[in-house]
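**Student:** Got a structure for you, written out below as structure tokens; questions coming shortly.
The values are calculated or read from the model by the stated rules, or taken from the named source; none is laboratory data. Worth saying up front: this structure is predicted, and the values here are computed from it rather than measured. Because the Cβ atoms are built from the backbone with ideal geometry, glycine has one as well, and the counts that use them run over all protein chains shown.
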Amino acid sequence: MHLNSYLTAALTAALSLSTTVLAGGKHHPKNFYARNLKTISSIYNLTVFPNNVPIITNGPSAVPKGLFSANASGRVSPLGNFTGFEDSIEYFFALALTPNAPSFSVFTSAKVVSFSSGCENVAASVAYLETRVLNPNSTDNGKYLSTLKQVAFWRFDDDGAVLAYDAWIPNLNVWNFLARGEADITNPFVQQAFIQRICPTIQSLCTGANQQYADVPTCISSMTAKPFGNYDEVWGDNVACRTIHLILAGVRPDAHCPHVGPDGGMKCVNEPYNHGYFDDEELFGQPTGKTFVCPDKEEEHDPYRLELV
């Protein structure tokens, strides 16, 4: 009886202390793991066709509340940095596939296959985006093409919206080959065919104050003089970078038409590797090594962190 009474009293005191600490301290979501997983899963689910269409058509107003902070910024290697809410949602949703010739490829499913969240503000994930043909008029309709993999670290604000992200798409060039028509972009004839196709589109999208080239022949001449590049190193003064930003120009021409122009508009430019991929403090507003580390883990983390020279 004495032991039971002691245990009961101790448990009551512990619960009382916990309640007092929680009530007087900062609010921490009880189920942040599930909340963060739901947010990330929802983001990737909106890349699946036709879930992405309303956002492509209507822009920021079509993005569900609570997914991205108004100040969201991040890096997606090998594509580049995306600063602000509109840049961020355009990367995730406007670049998601729609069924266009020649490949008619789309994301048909998006699964978060690996996930960890050790605190309410930080998570890490691996997502697989399955890519198939969507063309009811073709015998290839439904054919599996490939899977895009994205590895990402995430930081959430106090309301659970994504505030920062640092993501990587491995083997993007191979995926692009398999999923976008198996065009060998190392072949000069294929490169020229790309240029011949995108220049008329640039001229039709980028008009008035957004016009970048005098005419289609001028565009073709300018593009032909540049390296074509590849999709494992998109960030540069090359044609591959401009094919990415041409998609975005269809959504927000005033922002992205300069990026497909002759000088790259500060996006399709030769970004120094040592800056573009390591400008964490400038991009995230925190010292390197702080953004995607749980606060209570920093002391454990710091002694083992390798400093880049």
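**Student:** Only one of (1) out of contact with any helix residue (DSSP H, G or I) (no Cβ under 8 Å at 6 or more places or on another chain); (2) closer than 23 Å to Asn173 by Cβ is not met by Pro78, so which one is it?
**Tutor:** With (1) out of contact with any helix residue (DSSP H, G or I) (no Cβ under 8 Å at 6 or more places or on another chain); (2) closer than 23 Å to Asn173 by Cβ applied to Pro78, the lone miss is (1).
**Student:** Output yes when any residue across the range 215-224 is surrounded by fewer than 20 Cβ atoms within 10 Å (Cβ to Cβ), within 16 Å of Gly80 (Cβ to Cβ) and not assigned by TED's automatic domain parsing to the domain that holds Trp175, and no when none is.
**Tutor:** Checked the range 215-224: no residue is surrounded by fewer than 20 Cβ atoms within 10 Å (Cβ to Cβ), within 16 Å of Gly80 (Cβ to Cβ) and not assigned by TED's automatic domain parsing to the domain that holds Trp175.
**Student:** In the set Phe93, Phe85, which member is hydrophobic (A, V, I, L, M, F, W, C), under 25 Å from Gly264 (Cβ atoms) and over 10 Å from the mean Cα position of the chain (by Cα)?
**Tutor:** It is Phe85.
**Student:** Sort out which residues of the range 104-134 are buried (at least 19 other Cβ atoms within 10 Å of the Cβ) and farther than 12 Å from Trp154 by Cβ, and write them in order of number.
**Tutor:** Answer for the range 104-134, where residues must be buried (at least 19 other Cβ atoms within 10 Å of the Cβ) and farther than 12 Å from Trp154 by Cβ: Phe104, Ser105, Val106, Phe107, Ala110, Leu129, Thr131, Arg132, Val133, Leu134.
**Student:** Quick check on Glu233: is it on the phi > 0 side of the Ramachandran plot and in a loop (DSSP other than H, G, I, E, B)?
**Tutor:** Answer is no for this residue.
**Student:** Applying the selection to the range 172-228, what residues are under 22 Å from Gly250 (Cα atoms), outside any helix (DSSP H, G or I) and free of Cβ contacts under 8 Å to residues at least 60 places away in the same chain?
**Tutor:** Scanning the range 172-228 gives Cys206, Thr207, Gln211, Gln212, Tyr213, Ala214, Asp215, Phe228.
**Student:** Let me ask something additional. Condition (residue is surrounded by 17 or more Cβ atoms within 10 Å (Cβ to Cβ) and of a type in the set (Ser, Thr, Tyr)) applied to the range 152-165: is it met by at least one residue?
**Tutor:** Yes: one or more hits.
**Student:** Now for a different question. What do you reckon, is Ser61 touching a Gly at 6+ places or on another chain (Cβ under 7 Å) and part of a helix (DSSP H, G or I)?
**Tutor:** no
**Student:** Take Pro258 and tell me if it is part of a helix (DSSP H, G or I) and not basic (Lys, Arg).
**Tutor:** yes
**Student:** Here is a further query. Given the condition within 24 Å of Pro170 (Cα to Cα), modelled with pLDDT of 95 or more and surrounded by fewer than 20 Cβ atoms within 10 Å (Cβ to Cβ), answer yes or no: does some residue in the range 88-97 qualify?
**Tutor:** no
**Student:** Let me ask something else. Restricting attention to the range 50-74, and to residues there that are over 18 Å from Val162 (Cα atoms), surrounded by 14 or more Cβ atoms within 10 Å (Cβ to Cβ) and without any contact (Cβ under 8 Å) to a residue 12 or more places away in the chain, which single residue is farthest from the chain's Cα centre (by Cα)?
**Tutor:** Pro54
**Student:** Are any residues in the range 127-157 free of Cβ contacts under 8 Å to residues at least 12 places away in the same chain and out of contact with any strand residue (DSSP E or B) (no Cβ under 9 Å at 6 or more places or on another chain), and if so, which ones?
**Tutor:** Scanning the range 127-157 gives Pro136, Asn137, Thr139.
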